[in-house]
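Only the coordinates and a few stated rules stand behind these numbers; no lab work does. For clarity, every value in this text was computed on a predicted model and none was experimentally measured. Neighbour counts are summed over all protein chains in view; Cβ atoms, including those assigned to glycine, are modelled from backbone coordinates with ideal geometry.
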Amino acid sequence: MSIVITGTPGVGKHTITNKIAKKLELEIIDINKIAKESGLFEENQNIKDVDTEKLGKIIKKENLENTIIVGHLAPYVLKKNQIKKIIVLRRNPYDLITSYKQRQYTDKKSKENAGSEILGVIAHDVIKQFSEKAFQIDNSEKSINETVKEVLDTILGNHKDVEIDWLNMVTENDDLKKFFVD
Ligand SMILES: Nc1ncnc2c1ncn2[C@@H]1O[C@H](COP(=O)(O)OP(=O)(O)OP(=O)(O)O)[C@@H](O)[C@H]1O
Ligand SMILES: [Mg+2]
């Protein structure tokens, strides 16, 4: 049984996971790393480019005791009975675009990923599959350490519920075109 950190690319999963793993002395299982080492990644790191069924089988063989699993593919390769809690990190799509520019993502890839965060695709899939084991934490406009504290609190059973609705925010800013039109 494992703790899982997931979310759209660039929300801060690895940054937060590294700190949590140190604090709680957990071993990190990195889904992307396993996929790469197993030769399951195609050119792009998109969900459709990975055989999630094969990847799920490989992860099933791992010893998940005292581990923290990290990766945006988590909801597609894990089953509810394998995990204790799954935390979806969320991040303001405007901040994500800034991060993607630093990573030199193409405009298309930036919009695809930010658009996915606006629609809450991973959050939706996680809540649907893991229900009471699923928690959302906003990693925008706060320091890394503040988010680490919130994640620790959630792991220990003191989750602070927040409503996250980027779609409403972007619509009110009249910015839908910025994210959803080429
Ligand atoms: N709370 C924060 N405040 C400021 N910067 C942050 C915060 N959290 C993360 N970052 C920065 O955002 C960037 C993306 O973080 P990170 O690489 O951890 O994301 P990720 O979710 O693991 O991405 P990927 O899915 O591509 O692996 C990094 O440069 C990181 O330093
Ligand atoms: Mg990462």
Notebook entry, point to check: How many residues does segment 123-161 contain that are aliphatic (A, V, I, L, M) and out of contact with any Leu (no Cβ under 9 Å at 6 or more places or on another chain)?
Noted result: 7
Notebook entry, point to check: (1) touching a His at 6+ places or on another chain (Cβ under 9 Å); (2) in a loop (DSSP other than H, G, I, E, B): which one isn't true of PHE135, the others all being true?
Noted result: (2)
Notebook entry, point to check: Is it the case that segment 7-23 has a residue that's on the phi > 0 side of the Ramachandran plot and surrounded by fewer than 19 Cβ atoms within 10 Å (Cβ to Cβ)?
Noted result: no
Notebook entry, point to check: Here is a list of conditions, (1) of a type in the set (A, V, I, L, M); (2) farther than 17 Å from ILE122 by Cα; (3) more than 14 Å from ligand 1 (Cβ to nearest atom), and VAL77 meets all of them except one; can you say which number that is?
Noted result: (2)
